[in-house]
Amino acid sequence: MNLNYEHLPVIIVALLLLAAFLEPIVYRHKKSWAAPLVIASMAFFALSSLYLMAAVNYHGPFNYYLGGWAPPFGIELEIDYLAVFLLLTFSVIGLIAIVYGLQDLKHGLKDEVLGWYFTLYLLLMASMAGISVTNDLFNMYVFVEISAISACAIISIKESRECIEASLKYLILSTLGSGCILLATAMLYMITGHLNIGYLNDVLPRVMSHYPNNILISLGFFVVGYGVKAALFPLHVWLPDAHTAAPSPSSAVLSGLVIKVYAAAFLKVFLKAYPREIFLEIPVMEIVLFLSVLAILYGSIVAMVQEDIKKMLAYSSIAQIGYVFLGFSLMGQRAVAGGLLHIFNHAMMKSMLFLAAGIIIYSTGIRRIRDMKGLGVKLPLTMGAFTIGALSMVGIPGTNGFISKWQLALGALDLGRPIIVVVILLSSLLNCLYYMPIVINAFFGVKGEPELEIGKVPGVMLYSILFLGFGIIFFGIYPAPLLAFLQKTVTAIL
Amino acid sequence: MEVNSLTAMAILVLASYIFFYLPASRLRGVLVLIMLGIIGYALVATVAEMPTFGASANPPHNEVYQRYLHQAVEDTGAINAIAAIITDYRAFDTLGEVTVLFTAIAAALSNLKAH
Amino acid sequence: MWEGDELLGMYWQAIIPLWVVLFPIFMTPAIFILSKRSEKLRDGLSVLTAVITFFSVASLYPFVMEGKTIEYTLFQILPELGVTVRIDILSFCLAILSSFVWMMATIYSLDYMKPEHGKNRYYPVLIFTLGATLGIFFAGDFFTLYVFFELMSLVSYVLVIHEETPTALKAGYKYLIMTIIGGLALFFAIIATFELAGSVSLSKGVLVSKPSTLAFFAFVCYLIGFGMKAGMFPLHVWLPEAHPVAPSPASALLSGIMLKTGAYGMLRVLFYVFNIEVVQSARWDLLVAVLAVITILLGSAVALTQFDLKRRLAYSSIGQMGYVLLGMILFTEQGLVGDIFHIFSHAFMKSTLFLAAGAIIWKTGLRNINDLAGIGRKMPFTMGAFTIAALAMIGIPPLNGFLSKWTLSLGALEAGLPIYVVILLISSLLNGLYYLPIIIAAFFGGEEQEHAHGEAQHVEAGINLRGEATAKMVIPMVILGLGCFFLGLFPSNIAYELSLKAAVFLFRGGM
Amino acid sequence: MEDLLVRIICRLVVPFVQLYGLYVITHGHLSPGGGFAGGAIVGASMILFALAFNLEAGSRKLSHDISLLMESGGAIGFILAGFVAMLLGQNFLTNKAAGFPLGVPGNLFSSGAIFFFSVAIGFKVGSTMCTLFYNLIEGSDRHRSSE
């Protein structure tokens, strides 16, 4: 038996799927084992991602042929720096969110659907892992489908009317997006005869002049498809409702990870499958850049007028996914590294903020920002963590939000676009305008004891957000290894 | 294939404006029709440009096609080439599709139980 | 001396600035935790931290007087950007000044803050801000400087809104937003510098030696960022709101020290990022000059119309920061000496004034200038210190304010710009107009008023009008007041020597 | 629906439909069809049965627990078959190279793992169809009773 680390990526995906399939049976017959099974699979995911990252960093990227069939015939997984980076991000945040969720979900979900929630969560994680590692467009589409359905389901699983409504909206738009992705994939297959990203990259320059419209329309479909799923600006309409209505751990994962995985898929398709010359002729990246600038401004401005805290965070996500796309569409070394870094950093920040909001809702039932006056006295640690997240969103040095802004701004300046820097700064200011009042109101200006009913906050929930808060500070002060790793990633892609 | 990026952006902004912010009215209907016309035109132009369906000189008729047709039996032992492709060459996709079904069941059941 | 000893010495000297910055920051949680146990321990530890910090900074004196600089990169945050500690004579000047004033303000706080709430928050924040401020001065590159600058600005927000009244919260919000805007402008400036020069280190010589559009925007953004902190027109709007609402020792630090971080940053920008030739050839200095002149006149003129004591002092600070900004773009050695010396002078003067004002408010609850008649007879030491500092502000010899204005004027004449001297004179006149009435009324006015209703009212309110504030408040105030006197008596005092050395150092290229 | 004719005919037809479904599943590698198509046929037979009789009768034939088990079991079987290849030292889902006996092409028991995969898919798809159907009907029943 020869099980070396090269099997690990596929073992991750397969084991997560296996756990997901087992979960309903386990939940029906041995309820107490269901939660440990999820935690164990996620912990395995996190640990093996860590191990893979170390292995890839040490030995270099490698490919894995499923079924033993080499690329043009079979499906290939490419475990490069990008893939392990994404795997690590998803697994760690996913683990923390579900550890937190064990408490929160018992409180918010019906008993009989908890098992299904775990199943869907594991399916979501497996599909994200699959999207990260696969090097085949159709395989990617399959995983995109899985993640789309399971993401819809973990929104609508809560017993409320808004959840159904939001989830339906999401389902319709997301299916539209999947359709676009499938069409574009089919078009590329039609004109090249390949689905493998590497082969596409080889063949496309040769057929560019024969089938210009096909390439153009496939680009358009990919932008729309991944744009809808990642909530890029004019296609974001589903996001605020969906992320607001979902249970807090779901919101954290959806805002923190799920929209990012599509951004990463976008990166894979656009910078790895399409040859770079295409973007000189077709200004699709310019359009994406333009849209991401609009997203940044729009998300920040609309977030300012929100009253519901989760809605505000959701709109803020629209702005932040704008940063990610901004970095990718600039296509410079530093800019793409900045976009990737922001995937990681924003995953941390936004999931922490959503989880903190979840604690607030869990223990006080307050959702409206206006009612949060004096909360800092009652929930000092939660609001302290929230403050760290807010500062990171604004981009205060010492937090990881600053590092990604720095990297993105530098990337924009590298390409001689100072106006992008101005946009980033403007949005930071807007972030400050909507995050800071919450923090100030929570801590200062309270006379006497505020009249709030505070339920007990379970330790697990508190520790998970404190851990993320610590991560925010840590990667704000010591991002050097991560950046060095991303440098390698970007050099490999571009 | 001269696409002016400014025009494209203008169309995008206009489209998003129409779809998300313009109240339902006759104007909106007309604009939507125009947008659909543009998209339809583009798609038809694309289809017109596609390689002829089934022609032997098509790009998909490459080494992959050759191998799937001629070596499937030897490679997989299945005389049905489609089965060879979906359950052997690209079995991982099929695993994904099975999972899609499972996900759909999970989603439907959880929703039925939750509400 | 053996080689090993020298190496050890160098190493030791590199450690001290690091220690100075990190010690207060690391003491902050200790103070916070201990504050739950005992108030005495908390107070004692705060003062102890401030004192130790001061003496640690002072121990660098022989080293910097040799004209050495030392640089020490702690670790890399981003590629080519690390947390770097660097000491030279200019950082030493500001660091010794800040830690001294901080020590005084901390001692003063002990009694001043007694009746206040939220002391468990106040002391840790006070000490943390000390660390962040020293971090700004000991930063070895603009990136580190920016990090500490933002830390200081944000944390001092807690000092500004300490009283948590609606006015304070409003002023604090304004302060916060303006700070963030300034910080973002700095962010742009630093990132543009990094893009242009590939480095933001202070030890690489002039970073940007060719004017370009991006360089100009960087310059403007530096001006916005540092000018915001220094209270430069038209970005001063937060200052007159924020400084008066803070508790008095915090106001003293805000006006006395934290404004200087803006000036310090501007000095570094003018001599390290760009240089005299670039700034002068592109006529960017004109922009600074015009704004500085407006700042001087506006600060002094508006101060006249203010009748809240602390607000008047805050506007006066705006005017004085105008001098500092003006002094640095004269680009003459004499002007620079005056400039740096004025940083010293103003820190001493303004903190004395704010501490005295604080003592008055603490003892009597009076904030309005018109109510202060006769106060000098009841609180002679407090008003004595106030008087010395106010006279120094006006520029009466032999006080330090005179010396700095004199040197600045010499510098202006050397630069061939006598108009600046006129502006200094006008401003001094205005200073006289708004400070002298306070002093005169305090010592010579208000007899009959007091007997008529003043005292009765205050006795009813339960406030003792008689006598001084406590010793812990008077002594720091008097020390600072005497500082104003001794530092102006001869031009051979320590502050002047340091300024002279720093100016020469900057002119020689600052390496 | 209490129609005797329908019930009798269903009783007669369902076994044949199921047999046909099993045939399609097991001959996936030999003829058009395979796990998906065959599974759908088997599932349809169960739906037909439940339609002709009622839900309780259908549940008696195929209980919830069993259908859940088949549901997960099919997919788990697929993955485990993939893992077998890995245990034999090859990549995930490998067929021939891992040493699965290919047999004589054209025979029923040939083509190695493809046979297992087809059966697993058939199980999965069949149970999916009837689980979904039962639950939708049950859901609407519950709503009706609660109203």
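The values are calculated or read from the model by the stated rules, or taken from the named source; none is laboratory data. Owing to the predicted nature of the structure, the values given are computational and were not obtained by experimental measurement. Every residue, glycine among them, receives a Cβ derived from its backbone with ideal geometry; neighbour counts consider all protein chains shown.
This table checks each residue for (1) within 8 Å of chain B (Cβ to nearest Cβ); (2) outside any helix (DSSP H, G or I); (3) among the acidic types (Asp, Glu).
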| residue | (1), (2), (3) |
| --- | --- |
| D:Ser67 | no, no, no |
| D:Met70 | no, no, no |
| D:Gly77 | no, no, no |
| D:Val84 | no, no, no |
| D:Gln90 | no, yes, no |
| D:Asn95 | yes, yes, no |
| D:Gly99 | no, yes, no |
| D:Leu102 | yes, yes, no |
| D:Leu108 | no, yes, no |
Selection status of C:Ala58, surrounded by fewer than 18 Cβ atoms within 10 Å (Cβ to Cβ), at pLDDT 85 or above and either more than 25 Å from C:Ser345 (Cα to Cα) or touching a helix residue (DSSP H, G or I) at 6+ places or on another chain (Cβ under 9 Å) (or both): yes
A:Thr119 being away from chain B (no Cβ under 14 Å) and not aliphatic (A, V, I, L, M): no
Enumeration of residues in segment C:129-170 that are assigned to a helix (DSSP H, G or I), more than 9 Å from chain A (Cβ to nearest Cβ) and either farther than 21 Å from C:Ala185 by Cβ or of a type in the set (Asp, Glu) (or both): C:Thr129, C:Leu130, C:Gly131, C:Leu134, C:Leu159, C:Thr167, C:Lys170
Long-range neighbours under 6 Å by Cβ, at least six apart or interchain, first residue over 17 Å from D:Phe117 (Cβ atoms) and more than 9 Å from every other protein chain (Cβ to nearest Cβ) within segment A:58-74, second charged (D, E, K, R) and part of a strand (DSSP E or B): A:Asn63/A:Glu76; A:Asn63/A:Glu78
Every residue from segment A:103-112 that is in a helix (DSSP H, G or I), within 9 Å of another protein chain (Cβ to nearest Cβ) and either under 19 Å from the mean Cα position of the chain (by Cα) or within 17 Å of A:Ala245 (Cα to Cα) (or both): none
The lone exception for B:Leu31 - which of (1) more than 7 Å from every other protein chain (Cβ to nearest Cβ); (2) out of contact with any helix residue (DSSP H, G or I) (no Cβ under 6 Å at 6 or more places or on another chain); (3) part of a helix (DSSP H, G or I); (4) without any contact (Cβ under 8 Å) to a residue 24 or more places away in the chain it fails: (2)
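Would you confirm, using the coordinates I've provided, whether A:Leu195 is in contact with a Phe, Trp or Tyr (Cβ under 7 Å, 6 or more places away or on another chain), surrounded by fewer than 24 Cβ atoms within 10 Å (Cβ to Cβ) and under 30 Å from B:Glu63 (Cα atoms)? Don't jump to the end; show me each part of the working.
Working: in contact with a Phe, Trp or Tyr (Cβ under 7 Å, 6 or more places away or on another chain): yes; surrounded by fewer than 24 Cβ atoms within 10 Å (Cβ to Cβ): no; under 30 Å from B:Glu63 (Cα atoms): yes.
So A:Leu195 does not fit the description; no.
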Residue tally, condition assigned to a helix (DSSP H, G or I) and in contact with a strand residue (DSSP E or B) (Cβ under 7 Å, 6 or more places away or on another chain), over segment C:54-81: 1
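A quick yes/no check of all residues on (1) buried (at least 18 other Cβ atoms within 10 Å of the Cβ); (2) within 13 Å of another protein chain (Cβ to nearest Cβ); (3) of a type outside the set (A, V, I, L, M):
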| site | (1), (2), (3) |
| --- | --- |
| A:His7 | no, yes, yes |
| A:Ala14 | yes, yes, no |
| A:Leu18 | yes, yes, no |
| A:Phe21 | yes, yes, yes |
| A:Tyr27 | yes, yes, yes |
| A:Lys31 | no, no, yes |
| A:Pro36 | no, no, yes |
| A:Met42 | yes, no, no |
| A:Leu50 | no, no, no |
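Among A:Ala252, A:Ala245, A:Ala230, which is the only one that is within 20 Å of A:Leu353 (Cβ to Cβ), over 17 Å from the mean Cα position of the chain (by Cα) and not basic (Lys, Arg)? Before the answer, list the steps.
Numbers: A:Ala252 fails: over 17 Å from the mean Cα position of the chain (by Cα); A:Ala230 fails: over 17 Å from the mean Cα position of the chain (by Cα).
Residue meeting the stated conditions: A:Ala245.
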When residues of segment C:272-301 are limited to those that are farther than 18 Å from C:Leu417 by Cβ and within 20 Å of the chain's Cα centre (by Cα), the one surrounded by the most Cβ atoms within 10 Å (Cβ to Cβ): C:Gly299
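Restricting to segment A:52-89, and then to whatever is of a type in the set (D, E, K, R) and within 18 Å of B:Phe92 (Cα to Cα), can you tell me which residue is surrounded by the most Cβ atoms within 10 Å (Cβ to Cβ)? First the steps, then the outcome.
Residues of segment A:52-89 of a type in the set (D, E, K, R): A:76, A:78, A:80.
Filter once more, so that each one left must be within 18 Å of B:Phe92 (Cα to Cα): A:76, A:78.
Numbers: A:Glu76: 24, A:Glu78: 22.
So the residue we want is A:Glu76.
From A:Val56, A:Val26, grab the single residue that is assigned by TED's automatic domain parsing to the domain that holds A:Thr119, closer than 21 Å to A:Ile197 by Cβ and β-branched (Val, Ile, Thr).
None of the other options fit; the residue is A:Val56.
List the helices (runs of 4 or more DSSP H) that sit entirely inside segment A:121-209 and contain at least 3 residues that are within 18 Å of the chain's Cα centre (by Cα) and not hydrophobic (A, V, I, L, M, F, W, C). Let's see the steps before the verdict.
Numbers: elements: A:137-156, A:161-192, A:197-207.
Correct list: A:137-156, A:161-192.
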Checking C:Thr84 against (1) touching a residue at least 12 places away in the same chain (Cβ under 8 Å); (2) touching a Leu at 6+ places or on another chain (Cβ under 9 Å); (3) part of a helix (DSSP H, G or I), the condition it does not meet: (3)
Residues that are modelled with pLDDT under 85, more than 9 Å from chain D (Cβ to nearest Cβ), touching a Pro at 6+ places or on another chain (Cβ under 9 Å) and surrounded by fewer than 17 Cβ atoms within 10 Å (Cβ to Cβ), drawn from segment B:50-86: B:Ala57, B:Asn58, B:Pro60, B:Asn62, B:Glu63
Residue check, C:Ile375 of a type in the set (Val, Ile, Thr) and over 22 Å from C:Tyr323 (Cβ atoms): yes
All positions within segment C:189-220 that are crowded, with 23+ Cβ neighbours inside 10 Å and within 11 Å of chain A (Cβ to nearest Cβ): C:Ala189, C:Ile190, C:Ile191, C:Ala192, C:Thr193, C:Phe194, C:Ala218
Qualifying helices (runs of 4 or more DSSP H) (wholly inside segment C:332-439; at least 3 residues being at pLDDT 85 or above and within 21 Å of C:Leu297 (Cβ to Cβ)): C:333-364, C:380-394, C:400-414
Filtered residues of segment D:7-36 (kept if assigned to a helix (DSSP H, G or I), surrounded by fewer than 23 Cβ atoms within 10 Å (Cβ to Cβ) and within 11 Å of chain B (Cβ to nearest Cβ)): D:Phe36
Residue list for segment A:429-447, filter: surrounded by fewer than 24 Cβ atoms within 10 Å (Cβ to Cβ), at negative phi and of a type outside the set (Phe, Trp, Tyr): A:Leu429, A:Leu430, A:Leu433, A:Met436, A:Pro437, A:Ile438, A:Val439, A:Ile440, A:Asn441, A:Val446, A:Lys447
Enumeration of residues in segment C:20-47 that are free of Cβ contacts under 8 Å to residues at least 60 places away in the same chain, assigned to a helix (DSSP H, G or I) and farther than 19 Å from C:Ala132 by Cβ: C:Ile33, C:Leu34, C:Arg37, C:Lys40, C:Leu41, C:Gly44
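For segment A:222-250, what are the residues that are part of a helix (DSSP H, G or I) and either within 11 Å of chain B (Cβ to nearest Cβ) or among the small types (Gly, Ala, Ser) (or both)? I'd like the intermediate steps shown before the answer.
Start the filter on segment A:222-250 by keeping residues that are part of a helix (DSSP H, G or I), which leaves A:222-230, A:233-235, A:239-245, A:248-250.
Scanning segment A:222-250 gives A:Val223, A:Val224, A:Gly225, A:Gly227, A:Ala230, A:Phe233, A:Pro234, A:Leu235, A:Ala242, A:Ala245, A:Ser248, A:Ser250.
Across segment A:388-422, what is the total count of residues that are part of a helix (DSSP H, G or I) and either at positive phi or out of contact with any Gly (no Cβ under 9 Å at 6 or more places or on another chain) (or both)?
Count: 6.
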